[in-house]
Amino acid sequence: MKSVREACVIIVVTGLCGVIAFFAHPKAPAFHVNELEVELEEVLRFEEAFWIDARSDEDFEKGHLEGALSLNEERWEEQIVDFLDAWNPDAPTVVYCSSQACLRSYEVAERLKAELGVENIFVLKGGWEKLAEVEIVEGANQ
Amino acid sequence: MRRLGQFVEIIVGAAFLWSGIAKLLDPSAFLSAILTYEVFSYKVSVIASLGVPYLELCVGACLVFRVIIGGARLLAVVLLVLFIILLSQAAMRGLDVDCGCFGSSKKSSEAGFFWPIARDVIMLVGIGLGIVAGVNANGNREK
């Protein structure tokens, strides 16, 4: 019984730390990401789209959506120049990464929104796996 | 026996500390790892991505510094059993998961599930040894 009480104390301390981290940790994940998400079916209805591949350089080299530009957090400073050269502000920007579990696309989309004020930006739900599933690209390479 | 139990528990505690710190350095990477298990919803995973590292830190610190040891042992057992269940279900479902055991790492389909599960079982045995040694020491003292 004493152990259970002690465990409860640890859980309470942990909970407090978790709440503080949620508001103060610089890398704390967002609680709501759905507002950026878009289904592939919806993207296919866009007249045009500017595609961003947020996966690693290695994955991009193995295969990527035709016309997609590589932009990831690891090489942000170098790749952002290419992005600015190629970016079409009139077309919606759609970011994808490897799968639904991957958060890199959200990070890239949030950063483009915050740093460059890109408003018309979406994250592809399901990412590369979804593109492979409907055979827009060949095979999920993750 | 008592000293051996304490020593093993300190090692397990240090592993928990290391694991908690690695996860806290990049909670988003750990969140990605949790999502690959396809068990929890996104919101539950966000809570876990911030809660589990601190829980591991607290449990690890208690085991290393020998404070509120009973609660720390109980939570260590609960955490390790949970990790073993999560890894086992992922292995049985043939999922391509990122273990996330010490922050983000390789996908387990590449690295294999055996070592992460074996590591958790070894840590569980370590805690068991600490409990048995503690009980024996208390028994001897009462005699």
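Given the stretch A:32-133, what percent of its DSSP beta bridges are antiparallel, to the nearest 5?
Taking every DSSP beta bridge with both residues in the stretch A:32-133, the antiparallel ones total about 0 percent.
For labels at A:Leu116 and B:Phe114 in the simple 7 Å Cα→Cβ model, what's the distance in nm?
About 4.7 nm separates the two model spin labels.
By its C-alpha gyration tensor, with a ≥ b ≥ c as the square roots of the eigenvalues, how is the stretch A:32-133 shaped: rounded for a/c under 1.5, else prolate for a/b larger than b/c, else oblate?
Rounded.
Quick one: how many lysine pairs in chain A have C-alpha atoms under 28 angstrom apart, if they're 8 or more apart or on different chains?
Taking chain A as the scope, the lysine pair count is 8.
Relative to the Cα centre, what is the charge dipole magnitude of the stretch A:48-97, using +1 at the beta carbon of each Lys and Arg, -1 at the beta carbon of each Asp and Glu, and rounding to the nearest 20 debye? Mind dumping the intermediate values first?
Numbers: 3 positive and 14 negative charges, 33 e Å.
With only Lys, Arg, Asp and Glu charged at Cβ, the dipole is about 160 debye.
How large is the charge dipole for chain B, taken about the Cα centre, if only the Cβ atoms of Lys, Arg (+1) and Asp, Glu (-1) carry charge, to the nearest 20 debye?
Computed about the Cα centre, the dipole is about 500 debye.
Grab the Cα-Cα distance for A:Asp85 and A:Glu35, subtract it from 0.36 nm times how many residues apart they are, and report the gain in nm with one decimal.
15.3 nm
Among A:Ile10, A:Val81, A:Gly127, flag the residue with its Cα farthest along the positive direction of the charge dipole of the stretch A:1-135, charges on Cβ as +1 for Lys/Arg and -1 for Asp/Glu.
Value computed over the given set: A:Ile10.
Using a Gaussian network model of chain A with C-alpha springs under 10 Å, which one of A:Ile121, A:Ile52, A:Ile80 is most mobile by mean-square fluctuation?
Sorting by GNM fluctuation, first place goes to A:Ile80.
How high is the relative contact order of the stretch B:2-138, given as a whole-number percent (alpha carbon pairs under 8 Å, six or more residues apart)?
Relative contact order comes out at 37 percent.
How many Cβ atoms of partner chains, on average, are near each residue of B:56-68 if near means within 10 Å of its Cβ?
Other-chain Cβ atoms within 10 Å of each residue's Cβ, averaged: 2.
Of the options B:Ala14, B:Ser28, B:Phe102, report the single residue whose Cα projects farthest towards the positive end of the charge dipole of the stretch B:2-138 (beta-carbon charges: Lys, Arg +1; Asp, Glu -1).
Going by the charge dipole, the pick is B:Ala14.
What are the DSSP H helices in chain B that stretch 20 Å or more along their long axis, judged by alpha-carbon atoms, and whose average Kyte-Doolittle hydropathy comes to at least -0.5?
B:2-25, B:42-65, B:69-93, B:114-142
Could you pull out every whole DSSP H run in chain A that spans at least 24 Å of Cα extent along its own axis and averages 1.6 or higher on the Kyte-Doolittle scale?
Both cut-offs are met by A:2-24.
Considering only B:Arg93, B:Arg66, B:Arg119, give the residue with the highest GNM mean-square fluctuation for chain B, with springs between Cα atoms whenever their separation is below 10 Å.
Evaluated over chain B, the most mobile residue of the options is B:Arg93.
Along Cα→Cβ, 7 Å out, is where each label goes; now give me the distance between the ones at A:Val9 and B:Val67 in nm to one decimal.
0.9
Where a number appears in this text, it was derived from the coordinates with a stated rule and is not lab data. What you are looking at is a predicted structure, and each value in this text was computed from that prediction instead of being measured. Note that each Cβ is placed from the backbone with ideal geometry, even for glycine, and that neighbours are counted across all protein chains shown.
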